[in-house]
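Asker: Encoded as structure tokens, here's the structure I'll be asking about.
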Amino acid sequence: MTVMNAVATTGAGSRPRRSKLGWNLLGLLVFLTAGFPVYWMLNTAVKPAKDTIDPDPSLFPTGFTLDNFRRALDIADFWGPVGRSLIVSLSVVAIGIVVGMLAALAISRFAFRGRKIVIVGILAVQMVPLVAMIIPIFLLLNDLEQYDKLSGLIITYLTFILPFTVWTLRGFIVNIPKELEEAAMVDGCSRTGAFVRVVFPLLAPGMVATSVYGFIQAWNEYLYALMLLSQQHQTATVWLGNFTTKHGTEYAPMMAGATMMALPIVALFLLVQRKMAAGLTAGAVKG
């Protein structure tokens, strides 16, 4: 009887270990699948250009060179498109976070007629494919004399980043108890003062997380930047997509350019990773 109990206990203990091992292997598979394109980009960026057209490519670089980065900077203007992308992305984040925070606060804290319609409208806007809005947006910007202008592209990006910002910040604000604001108002704070002193510090991690995702969306967007801007006003993603010379597409310098384009995103994550983690854990959906 004792032996049978020991065997049963051993079997019961091995099942959780096998289950944990299975989840670890699945996580490793997902990591390899998602990380391999990034590795191949870096691999191609530092290998000699002749190796990029080898019909039998090597998984690991057989040589190391930084000449591809020099070629990427020499083939076409790099800093101009990157500067324009930074202007557009930072402007979209700044405007979106201010307007989105006020809108999310109104939806979360105030009861007004049509509140549910506004919430449903925000969700509905996010469901519309971006491709379906190209022609209407093009005609609208043309009438407003904003075609081929960075301001027009900023307005366009706000149409799909602002609903995302409002909906995300609403989830953070809903998780902040109203009693904290009420207690501050009892102590003599105005409604604005209670928000600045109580709600805003608690909302800061969520604002950082939302801003990072908004920045990534604006930085990586390609379709509207291609359709609404001429070549002399192109952003970094369009510059990378048009990476051709008289010899055709040079893949090694292109991957070097893609690596340089990824650096601002990596730097941003390194700077705000603590706030990102706090914001993501505080932003559970409620209500």
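The values are calculated or read from the model by the stated rules, or taken from the named source; none is laboratory data. These numbers were taken from a predicted model, which means no experiment stands behind them. Cβ coordinates were reconstructed from backbone atoms using ideal geometry, including for glycine residues, and neighbour counts include every protein chain displayed. SASA here: full protein model, heavy atoms, side chains in, ligands and nucleic acids out. Shrake-Rupley method; radii C 1.70, N 1.55, O 1.52, S 1.80 Å.
Asker: Hey, if you put +1 on the Cβ of every Lys and Arg and -1 on every Asp and Glu Cβ in the chain, which of GLY22, PHE160, TYR224 ends up farthest toward the positive end of that dipole?
Answerer: GLY22
Asker: So for segment 16-109, averaging the separation of alpha carbon pairs under 8 Å that are six or more residues apart and normalising by length, what relative contact order in percent results?
Answerer: 18
Asker: After finding the eigenvalues of the alpha carbon gyration tensor for the chain, what semi-axes result from the square roots of 5 times each, listed largest first in whole Å?
Answerer: Its equivalent ellipsoid spans semi-axes of 39, 36, 17 Å.
Asker: How large is log10 I(q)/I(0) at q = 0.18, 0.20, 0.21 Å⁻¹ when the Debye formula is applied to the Cα atoms of segment 101-198, each weighted equally and without solvent?
Answerer: -0.90, -1.00, -1.05
Asker: At what distance in angstrom do the alpha carbon centres of segment 78-106 and segment 204-252 lie from each other?
Answerer: 14
Asker: Still on this structure: Would you work out what percent of the accessible area of the chain, with all protein chains in place, is carbon or sulfur (probe 1.4 Å)?
Answerer: 70
Asker: What longest region of the chain stays clear of chymotrypsin sites (Phe, Trp or Tyr not before Pro) that DSSP places outside H, G, I, E and B and that have at most 13 other Cβ atoms within 10 Å?
Answerer: Working: sites that count: PHE64, PHE110, PHE112, TYR222.
With chymotrypsin sites (Phe, Trp or Tyr not before Pro) excluded where exposed in loops, the chain gives 113-221 as its longest stretch.
Asker: If you count only protein heavy atoms with a 1.4 Å probe, what accessible area per residue comes out for the chain, rounded to a whole Å²?
Answerer: It amounts to 60 Å² per residue over the chain.
Asker: So how exposed is SER58, as accessible area in Å² (1.4 Å probe, rounded to 10)?
Answerer: Roll a 1.4 Å probe over it and SER58 shows about 50 Å².
Asker: So, one more: Rounded to the nearest 20 Debye, what is the dipole magnitude of the chain about its Cα centre when Lys and Arg each give +1 and Asp and Glu each give -1 at the C-beta?
Answerer: Result for the chain is approximately 1120 debye, rounded to the nearest 20.
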